[in-house]
Amino acid sequence: MQTAPRDKAARTLDIEDVTVRYGAALAVDGVSLSIEPGEVVALLGPSGCGKTTLLRVVAGFVRQASGRVRVDGAPIDHLPANQRNIGIVFQNYALFPHMTVAENVAYGLRARGARGPEIAAKVNRFLETVQLGGFRDRLPRQLSGGQQQRVALARALAVEPSILLLDEPFAALDRNLRLDMQIEVKRLQRTLGLTTILVTHDQDEAMSVADRIAVMNRGKVEQFDSPVAIYDSPRTLFVNGFIGSSNLLAGKVAAIDGGMATVALDAGAVLRLPAPSGLPESGGVLLSVRPEQLILSAIPGPELWRVEPGLSLPLGGQLVHEARTADGTTIKIAEPRLAAPKGLPRVYCGLSPDARPSLFPRST
Ligand SMILES: Nc1ncnc2c1ncn2[C@@H]1O[C@H](COP(=O)(O)OP(=O)(O)O)[C@@H](O)[C@H]1O
Ligand SMILES: [Mg+2]
């Protein structure tokens, strides 16, 4: 488990085999996730994969066809949304346009029957928390997008929920503001000890904010792991393709022994690689390797394959080289820009010593 700090108030959240149908269509297909107290879990996946629907089941806005949601072990499925003690922030701010900032933040408290002095104290406290103390009498349209989203966050936090649900809360913000908000949310979530689900289609956001990431595809969770495990050891081709950039090289398994696969790449080298469990002992494979885990050499070698160099582009601190393999695959090789040697043309490519390539079975 990651280092999410624990708080007495933090709750576990268990999603057990939840399925949601809209008519004949499966929007969420048997999803199970156990979320630790105070943990931030990102639901990451392409548009339409069921992230919002799953979040809405937890919030109580969508009824699942089957499965259960538990908080601290107790089912909450029978509770209406307003009795679940869950704070939610939507992508599109969803502030009440005719209410001031303070009235927006007070809304949930008032709906729960809080009294005037208590409401005023909490509104002040949570507006300070999101650094909008001076904005209480403004209307939403007098605020920037980032400020509106902070009001939405204050409104969600004001009812002091034990679980926080965030549905693409930063998607409409520009890059710098998004970073500020990500840090802000992480800080608040830690201070308040909130078990949190963050829905996002942005892998960088998921990697930087979440303790664990659930990668979703077509209503299913394909992998639920720490950001590092997802990056270094993607379990499916879909996860591999969705996180970071990687090269795919086709090849054939020649043998598997002692947990190692001998793979003949169509590009022309034979490699010995750790075999994932379940890899067939013969047949086609795809080797996935990240650009920064490939090297170029001027000298041939047994585990190197020949490439035809293409363009080289500086990308921040990196130099990214394009190259073509003998079987016509275009690959990318990245190296620290200042380390790139000059001199002999480097036309041999191979795995760097610290490479963590993944192998996936290939049909056909
Ligand atoms: N109210 C609805 N009625 C019918 N289909 C819906 C409804 N809401 C979502 N869907 C469908 O369910 C699937 C999952 O949608 P959603 O959960 O919004 O995905 P995401 O948030 O990952 O983009 C999509 O195919 C979407 O078109
Ligand atoms: Mg969505």
query: All but one of (1) within 16 Å of ligand 2 (Cβ to nearest atom); (2) loosely packed, with under 14 Cβ neighbours inside 10 Å; (3) without any contact (Cβ under 8 Å) to a residue 24 or more places away in the chain; (4) closer than 21 Å to L153 by Cα hold for A25; which doesn't?
result: (4)
- request: Examine the range 286-295 for a residue that is at pLDDT 95 or above and farther than 29 Å from A42 by Cα, and state whether such a residue exists.
  value: yes
task: Scan the range 107-155 residue by residue and report those that are surrounded by fewer than 19 Cβ atoms within 10 Å (Cβ to Cβ), within 31 Å of the chain's Cα centre (by Cα) and not in a helix (DSSP H, G or I).
output: Q131, L143, S144
query: Only one of (1) under 22 Å from T200 (Cα atoms); (2) modelled with pLDDT of 95 or more is not met by Q2, so which one is it?
result: (2)
Flag for G73 being closer than 17 Å to L194 by Cα and touching a residue at least 12 places away in the same chain (Cβ under 8 Å): yes
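Of all residues in the range 304-362, which are β-branched (V, I, T) and part of a strand (DSSP E or B)? First the steps, then the outcome.
Of the residues in the range 304-362, the ones β-branched (V, I, T) are 307, 320, 325, 329-331, 333, 347.
Scanning the range 304-362 gives V307, V320, T325, T330, I331, I333.
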- prompt: Between residues in the range 279-307 that are assigned by TED's automatic domain parsing to the domain that holds G268 and residues that are acidic (D, E), which pairs lie under 8 Å by C-beta distance while being six or more apart or on different chains?
  reply: E292/E335; Q293/D354; I295/E335; L296/E335
field: Pick from the range 28-46, criterion within 16 Å of ligand 1 (Cβ to nearest atom) and over 11 Å from V199 (Cα atoms), ranking: surrounded by the fewest Cβ atoms within 10 Å (Cβ to Cβ)
entry: G30
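Count, please, the residues in the range 47-60 that happen to be within 10 Å of ligand 1 (Cβ to nearest atom) and hydrophobic (A, V, I, L, M, F, W, C). Even if it seems obvious, please write down each step before you answer.
Going residue by residue through the range 47-60, those that are within 10 Å of ligand 1 (Cβ to nearest atom) are 47-57.
Checking which are hydrophobic (A, V, I, L, M, F, W, C) leaves us with 49, 54-55, 57.
Summing the residues that are within 10 Å of ligand 1 (Cβ to nearest atom) and hydrophobic (A, V, I, L, M, F, W, C) in the range 47-60 gives 4.
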- request: Using the structure shown, decide if T12 is away from ligand 1 (no atom under 16 Å from the Cβ), among the hydroxyl-bearing types (S, T, Y) and within 28 Å of D204 (Cα to Cα).
  value: yes
- prompt: For the range 1-106, which strands (runs of 3 or more DSSP E) that fit wholly inside it have 2 or more residues that are within 20 Å of the chain's Cα centre (by Cα)?
  reply: 13-22, 25-35, 40-44, 86-89
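Residues D72, D77, D167, D137: which one is among the charged types (D, E, K, R), out of contact with any Pro (no Cβ under 6 Å at 6 or more places or on another chain) and within 16 Å of ligand 1 (Cβ to nearest atom)? Working first, answer last.
Working: D72 fails: within 16 Å of ligand 1 (Cβ to nearest atom); D77 fails: within 16 Å of ligand 1 (Cβ to nearest atom); D137 fails: within 16 Å of ligand 1 (Cβ to nearest atom).
Going through D72, D77, D167, D137 in turn, the sole match is D167.
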message: Contact list please: Cβ distance under 6 Å, first residue in the range 165-193 and more than 16 Å from ligand 2 (Cβ to nearest atom), second residue of a type in the set (S, T, N, Q) and in a strand (DSSP E or B), pairs at least six apart or on different chains.
response: Q189/T196
- prompt: Quick one: in the range 202-227, which of the residues that are out of contact with any Leu (no Cβ under 7 Å at 6 or more places or on another chain) and modelled with pLDDT under 95 is nearest to ligand 1 (Cβ to nearest atom)?
  reply: D202
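The values are calculated or read from the model by the stated rules, or taken from the named source; none is laboratory data. This structure is a prediction, so every number in the text was calculated from the model and none was measured. Here Cβ is always computed from backbone atoms with ideal geometry, including for glycine, and neighbour counts include all displayed protein chains.
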